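Working notes for the structure below.
Every read-out reported here was derived from the displayed coordinates using simple, explicitly stated rules and does not represent laboratory data. All values reported here derive from a predicted model rather than from experimental measurement. Don't worry about glycine lacking a Cβ; one is built from the backbone with ideal geometry, like all the others, and counts go over all protein chains shown.
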Amino acid sequence: MAKTDANDAAAPEEKVKINRREFVNLAWLASLGFFLVPVGGVTVLFAFPRFKEGEFGGKFNLRLADLPESGASPLANNLGKFWLTRTEEGVRAIYKVCTHLGCLYNWQEQEDKFICPCHGSQFSKESTYLDGPAPRSLDLFTMTAVAPDGTELAKTEGPNDAMPVFDAEPEVTYVVDTGAKIIGKPNA
Ligand code: FES
């Protein structure tokens with residue numbers, strides 16, 4: 001009987017030891033989870049891009065027929081929030097938001113320039129600042145010309161870059177990346 005009592009007395013102490021071990025294990029698993037969840041999230045973000053093709057923030061695949069003709073008025077792409085303009089240098093995808101305080105500016109055909117209705121900033125067809133309170137030229141989105149076999153033919157990366165148009169190659173794709181903005185050149 002006395003032996004049994006001694007075992008009974010030891011039992012609660014043993015349970016406490018096991019619970020502590022479990023607690024340590026759980027704490028370790030929880031800390032591992034804190035580490036793995038963000039890492040897993042980043043991996044998922046890379047595997048599945050946030051923006052789909054054809055929605056703002058993603059890429060827009062255009063063909064020659066989608067570009068304005070040389071000397072024509074700019075074309076608005078409302079889904080991508082950009083104007084496509086074409087000059088002798090080539091094509092640009094210009095972000096539709098004014099670089100002053102963020103209003104949507106418009107193309108004024110008679111004046112041959114973009115004019116913002118909010119405070120009157122003006123910009124050329126090439127996106128260059130002309131007049132008004134805006135601190136810089138308009139922002140562009142990067143463009144990449146891709147041949148049917150996937151070869152990259154040209155890419156715009158600077159605030160003055162225009163994408164050459166491959167008129168003889170209608171199968172070329174012009175990719176406008178609305179997730180890759182080129183900040184307009186600051187006013188001198
Ligand atoms: Fe365009 Fe002020 S927001 S000029």
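In terms of overall dimensions, segment 126-188 has a Cα radius of gyration and Dmax of 14.0, 45 angstrom.
Under 17 Å from a label point set 7 Å out along the Cα-to-Cβ vector of residue 51, the amide N atoms of segment 116-139 belong to 139. For segment 64-186, the relative contact order comes to 22 percent (Cα pairs under 8 Å, sequence separation of at least 6). Based on the alpha-carbon gyration tensor of segment 46-137 and its eigenvalue square roots a ≥ b ≥ c, which shape applies: rounded if a/c is under 1.5, prolate if not and a/b is larger than b/c, or oblate? It comes out oblate by the Cα gyration axes. Treating the Cα atoms of segment 111-150 as identical point scatterers in vacuum, please give the log10 of the normalised Debye intensity I(q)/I(0) at q = 0.20, 0.26, 0.31, 0.32 Å⁻¹, two decimals. So the normalised log intensities are -0.60, -0.85, -1.07, -1.11.
For segment 74-146, the list of GluC sites (Glu not before Pro) that fall in a loop by DSSP and count at most 12 other C-beta atoms within 10 angstrom reads 88, 109, 111. Report the Cα centroid-to-centroid distance between segment 164-182 and segment 134-158 in angstrom, as an integer. About 7 Å separates the Cα centre of segment 164-182 from the one of segment 134-158.
For segment 52-100 and segment 103-119, what is the separation of their C-alpha centers, rounded to whole Å? First find each Cα centre; the distance between them is then 16 Å.
Modelled this way, with points 7 Å down the Cα-to-C-beta line, the labels at residue 124 and residue 103 are 2.3 nm from one another. The label point for residue 152 and the one for residue 61, both projected 7 Å from the Cα toward the Cβ, are 1.7 nm apart.
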